[in-house]
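The structure under discussion appears below in the form of structure tokens.
The numbers here are math on the coordinates, done by the rules we state, and not lab data. Note that this is a predicted model, so its numbers are computed, not measured. Note that each Cβ is placed from the backbone with ideal geometry, even for glycine, and that neighbours are counted across all protein chains shown.
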Amino acid sequence: MEGVPAFPVDAPQVDLVIPGDNPQVLAYQDAEEPWEANVVVSGGVAQAAAPKDDANFDATAPAGGDVMETDLTLTVTSGPARAPQDGEEDAAREVELITRGGGHTDLDLGLQVAGNDGFTMRWRAAESGAVQSVKMLPPVDSPEAGREVVERALLSVMNSTVVFPKEPVGVGGQWTVTTRVTGDAAMVRTTTYTVREINGSDVHLDVDIEESPTQKELRIDNEVAGDLDGAMLSVESTSTTSTGELTVDLTKPLPTGGRIAATTRLVYAGEDTQFRIVQDVTNAVTYGK
């Protein structure tokens, strides 16, 4: 991927909450042998208007929503990072994902996803798993719509990789990772990991996610919106409902099993409007399916 531009990734804030029992330093120890991974990435956005005087309005995020799924088979390799190129910094590790097949809920998009076999993503990271920069290279003459779908799916996979704290942590231990979501500048995500079990190089985690918008205002600029057209709305509330369990093999850069899913409800309102705008954003990644 020489000559492909590298995009910097915001450094996460990692905070240890509870050390846990018999704490140890958890860090990736890449085996360097290629392996095959199967992932399913789900995503969807629902938007509606709710009257401000609705006494039954619930600002709590629902447990999931309508989504479209992208399933990918990946060839994954990882090992010591090469010397940095333009736009890159020194790093301990390098991870490469190459698509080897895929599909989509929408059959037409599925054909375009399949036409992007060989799409390559490569990122540089610390031993903790924190990503520093990323490169992406689609196949020559690949279908554009499928390319966009695969790119979004691979970014979701990268955003879902587990980042460990620098401090030792054991069973019952807990830490948080806060970062801006790569590929979605409008959202900040705080992920809480709790160690359920450590068995050799396998680490079993419970995962909880909270998300909040970086943009606190929303301008409606659409004639179809009627009285709301031209209105400036502010964030009234944010709520995330999530579920997650992951199994991480420290010799592999991606979780080997499990699923994380989150739905974030963003509620916008304005002083001079009679309605709230409600957005439900759902994202999920399933490993090993």
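Which whole-angstrom value gives the distance between the alpha carbon centres of segment 95-156 and segment 58-84? If we compute the Cα centre of each part, the gap is 10 Å. Checking every one of the GluC sites (Glu not before Pro) in segment 1-79 against DSSP loop status and a limit of 14 other Cβ atoms within 10 Å picks out GLU2, GLU32. With R₀ set to 25 Å, the beta-carbon distance separating ALA92 from TRP35 gives a calculated FRET efficiency near 0.80.
By count of other Cβ within 10 Å, fewest leading, how are ASP280, ASP54 ordered? Please report the intermediate quantities before stating the final value.
Values: ASP280 20, ASP54 10.
With the sparsest Cβ surroundings first, the list reads ASP54, ASP280.
Note the listed values [x] 24; [y] 35; [z] 30, then indicate which one is percent of Cα pairs over 32 Å apart calculated from this particular structure. Here percent of Cα pairs over 32 Å apart agrees with entry [z].
Using the Cβ-Cβ distance between VAL4 and SER237 with R0 = 45 Å, the FRET efficiency computed as 1/(1 + (r/R0)^6) comes to roughly 0.65.
Determine the gain in length on full extension of the stretch GLU151-ARG82; use 0.36 nm per residue of separation and subtract their C-alpha separation, reporting nm with one decimal. Each step should come with its number before you reach the end.
On the way: separation 69, 0.36 × 69 = 24.84 nm, distance 2.33 nm.
Going from the current span to full extension adds 22.5 nm.
What number, rounded to the nearest 500 deg cm²/dmol, is the helix-based mean residue ellipticity at 222 nm of the chain, given -39500 (n - 2.57) per DSSP H run of at least four residues and division by all its residues? Don't jump to the answer; show the numbers that get you there.
Working: 2 runs with 24 residues, N = 289.
About -2500 deg cm²/dmol.
Between helix 144-159 and the chain there is an angle of about 70 degrees, using the helix long axis and the longest principal axis of the Cα atoms. Bridging of LYS252 to aspartates and glutamates at a Cα separation below 13 Å is possible for ASP30, GLU32, GLU33, GLU36, GLU94, GLU96, GLU127, ASP202, once same-chain residues fewer than 8 apart are set aside.
Which loop GluC sites (Glu not before Pro) in segment 88-138, with loop taken from DSSP, have no more than 16 other Cβ atoms within 10 angstrom of their Cβ?
Sites meeting the loop and neighbour criteria: GLU89.
Within a straight-line Cα-Cα reach of under 13 Å, LYS216 can be paired with the following aspartates and glutamates, leaving aside sequence neighbours fewer than 8 residues apart in one chain: GLU236. Mean separation of Cα pairs under 8 Å and 6 or more residues apart, divided by the residue count, gives segment 6-287 a relative contact order of 25 percent.
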